[in-house]
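Here's the structure, in structure tokens; my notes come after.
The values are calculated or read from the model by the stated rules, or taken from the named source; none is laboratory data. All values derive from a computational prediction rather than experimental measurement. Quick reminder, even Gly has a Cβ in these numbers, built from the backbone with ideal geometry, and neighbours come from all protein chains shown.
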Amino acid sequence: MTSNINLPKKAIILYDSQSVGGSTDRLIDSIGRKLAEKGAYVEKARCKASADYSFVKEFDLVVLGAPIYYLLVASQLSGALSRSNLKQALKGKKVALFVTCGSPEPMAQFLYLPQIKMHLENPVILVEKVFSPDQVSDPSAAADFVGDITEAFSKSC
Ligand SMILES: Cc1cc2nc3c(=O)[nH]c(=O)nc-3n(C[C@H](O)[C@H](O)[C@H](O)COP(=O)(O)O)c2cc1C
């Protein structure tokens, strides 16, 4: 039996965090596992402000996000968006955005997600998500995020 659902085949999770093995790392692992369960080949890469992001062109889904420190998106991701060729590589890409933070969701929607979106030119933004401290360690929150991504991805095809 054939399915009409179009799922991502190759997904890259681009992220940043000051912590190693912290809440964002755990969240990324959960998101990666859930995407792989949906049949995607998944890679993850911690952003560096000065890296070459040409490799992003190979992927049909980009998950992009970072924690907030002192009201700002973590510096290597925001640096990559403003100073490297990441912005160019994301043109026209299907993108899912997230931030992890301690602020209430309305504040994060208003103050933090725009810090990422302001750098994006013509992406297809499938989903935007604010993960609160209790959600970052909750596998069902990652599963819901991936469910929303795959549904929006399929509809966008
Ligand atoms: C030094 C520091 C500064 C933070 N500043 C903010 C902030 O300004 N706004 C906010 O909503 N959360 C803030 N947080 C909460 C983090 O964004 C949140 O705990 C995030 O999940 C941390 O990710 P990590 O474990 O990968 O470092 C801060 C956390 C730390 C450690």
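Mind checking whether some residue in region 85-96 is in contact with a Leu (Cβ under 9 Å, 6 or more places away or on another chain) and at positive phi? Steps first, answer last, please.
Taking region 85-96 first, the residues in contact with a Leu (Cβ under 9 Å, 6 or more places away or on another chain) are 86-87, 90-91, 93-96.
So of that shortlist, the ones also at positive phi come out as none.
No, region 85-96 has no match at all.
Within region 93-101, can one find any residue that is within 23 Å of Tyr53 (Cβ to Cβ), aromatic (Phe, Trp, Tyr), touching a Gly at 6+ places or on another chain (Cβ under 6 Å) and buried (at least 22 other Cβ atoms within 10 Å of the Cβ)? Among the residues of region 93-101, at least one is within 23 Å of Tyr53 (Cβ to Cβ), aromatic (Phe, Trp, Tyr), touching a Gly at 6+ places or on another chain (Cβ under 6 Å) and buried (at least 22 other Cβ atoms within 10 Å of the Cβ), which makes the answer yes. For region 97-134, the set of residues classified as touching a residue at least 24 places away in the same chain (Cβ under 8 Å), polar (S, T, N, Q) and not in a strand (DSSP E or B) consists of Ser103, Gln115, Asn122, Ser132, listed by residue number.
I'm trying to understand the selection: among the residues of region 52-89, which are outside any helix (DSSP H, G or I), without any contact (Cβ under 8 Å) to a residue 40 or more places away in the chain and away from the ligand (no atom under 16 Å from the Cβ)? Show your work before the answer.
Of all residues in region 52-89, those outside any helix (DSSP H, G or I) come to 52-53, 59-74, 84-85.
Those still in the list that are without any contact (Cβ under 8 Å) to a residue 40 or more places away in the chain too: 52-53, 70, 84-85.
The answer is Asp52, Tyr53, Ser84, Asn85.
Selection of region 1-51 for residues being assigned to a loop (DSSP other than H, G, I, E, B), closer than 16 Å to Ala96 by Cα and of a type in the set (Gly, Ala, Ser) yields only Ala40. None of Ser154, Ser137 is within 23 Å of Ser19 (Cα to Cα) and surrounded by 13 or more Cβ atoms within 10 Å (Cβ to Cβ) except Ser137.
Of the residues Ala74, Ala51, Ala89, Ala108, which single one is among the small types (Gly, Ala, Ser) and under 14 Å from the mean Cα position of the chain (by Cα)? First the steps, then the outcome.
Working: Ala51 fails: under 14 Å from the mean Cα position of the chain (by Cα); Ala89 fails: under 14 Å from the mean Cα position of the chain (by Cα); Ala108 fails: under 14 Å from the mean Cα position of the chain (by Cα).
Going through Ala74, Ala51, Ala89, Ala108 in turn, the sole match is Ala74.
Is it the case, given these coordinates, that Asp16 is within 13 Å of the ligand (Cβ to nearest atom), farther than 14 Å from Glu128 by Cα, modelled with pLDDT of 95 or more and not aliphatic (A, V, I, L, M)? Yes; evaluated as a whole, the condition is true for this residue.
This table checks each residue for (1) within 16 Å of the ligand (Cβ to nearest atom); (2) more than 30 Å from Asn6 (Cα to Cα).
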residue: Gly92; (1), (2): no, no
residue: Gly102; (1), (2): yes, yes
residue: His119; (1), (2): no, no
residue: Phe131; (1), (2): yes, no
residue: Ser137; (1), (2): yes, no
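Applying the criterion of being within 14 Å of the ligand (Cβ to nearest atom) and of a type in the set (A, V, I, L, M) to the residues of region 19-51, the residue that is surrounded by the most Cβ atoms within 10 Å (Cβ to Cβ) is Ile31.
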